[in-house]
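Before any comments, here is the structure.
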Amino acid sequence: MKKTIESAFFFAAFLGLAAAGIFGFDWPAKNFAPNQSILSFAQNREGAFNTSLVFEDAQGALATDSGKIIAVITEHQNDGDWFESPLGNTLIVSHDDELISIYGNLTLQSAVGLAQKKEVKADEDLGMTGQSSWNENAEDASLEFQISDSNAKTFINPLILMPRALKQKKISMEGISIENQFGRSYPIANLRSVPAGIYKVYKKRQKDAAVFKASVYVNGREVEKITKDTIKVQSGKLFLAGSSNYTKEDFFPNGETEFLGRLFLPHGSNTVQINAQDIYENTSAATYVISGY
């Protein structure tokens, strides 16, 4: 089965399998637990898109699926064009379905041992983690895990390919605001009227509740939908796709807010609905009546 990200069929088919409990990859952290703290895909990482899952204090890595080892990179080598940030000692594995799994922040001893191998088996112990990458938790044996389609130059959210095991906190819809093209922000909770025009929608960021899908409706019509299933690389920059290709500057204007989409508010009375969904399809929603003048 080919899981080519350029094809819409891939997502429809694979997400259907995921809903049925059939998954392509297992969890990569050796001591994984449902309540374990992880930095999720496409979240704010020091003002940039996080293209990994980062498992804090993983202590070791396990192969998520069988595959061929195509590279072992040590911390003293140049990471090249693969990574958004230096991942330290890194294992790169290719799979029959044309996807690539990437394990970063391995110990040097583990990387040297893996360099002698040609392939790995599903659930195989890949060794210990920690002390080689540049991430903030490198000393705590964290694991950086990525899935990539190198042909499509796309990073894939590993959570859509893994069993549903994480405990998710409810997404809060507090702190919603809209921002006009001149940078003026309006808290939306008690807003009654604003000038008609184009606005960006933001919410207060939660570190422990990641938005996977955001939808914005105006007068019953969906005007924006952003799903954090892939991050594309174009001309050396990372983008999340919605009604436009959005950059890290769109998503993370500061350390406090998170971008949910864009809307056009016409003249007259308008009903604006904003939905935020986590990776397991738990949805939080808020509805507002706002007049454009």
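Coupling constants for region 94-110 follow from the phi torsions by the Karplus curve (6.51 cos²θ - 1.76 cosθ + 1.60, θ = phi - 60°), and in residue order they are 9, 10, 4, 8, 6, 9, 10, 9, 10, 10, x, 6, 7, 6, 4, 4, 5 Hz; glycine and proline get x. Close amide H contacts of GLY197 (hydrogens built in the peptide plane, cut-off under 5 Å, sequence separation of 5 or more or a different chain): LEU265.
Once phi is turned into ³J(HN,Hα) by the Karplus curve 6.51 cos²θ - 1.76 cosθ + 1.60 with θ = phi - 60°, what whole-Hz value does each residue of region 115-127 show in order, with x for glycine and proline? 3J(HN,Hα) across region 115-127, in whole Hz: 5, 8, 9, 10, 8, 10, 9, 3, 6, 5, 6, 9, x. Amide H contacts of THR230: ASN157, each under 5 Å away and 5 or more positions distant or on a separate chain (H built 1.01 Å from N in the peptide plane; Pro and chain starts excluded).
A DSSP coil position with no more than 16 other Cβ atoms inside 10 Å describes the following chymotrypsin sites (Phe, Trp or Tyr not before Pro) in region 135-207: PHE182.
Quick note: the coordinates plus some simple rules give every number you see, no bench work behind them. No experiment lies behind these values; they were computed from the predicted model shown. All Cβ positions, even for glycine, are placed from backbone atoms using ideal geometry, and neighbour counts span all protein chains on display.
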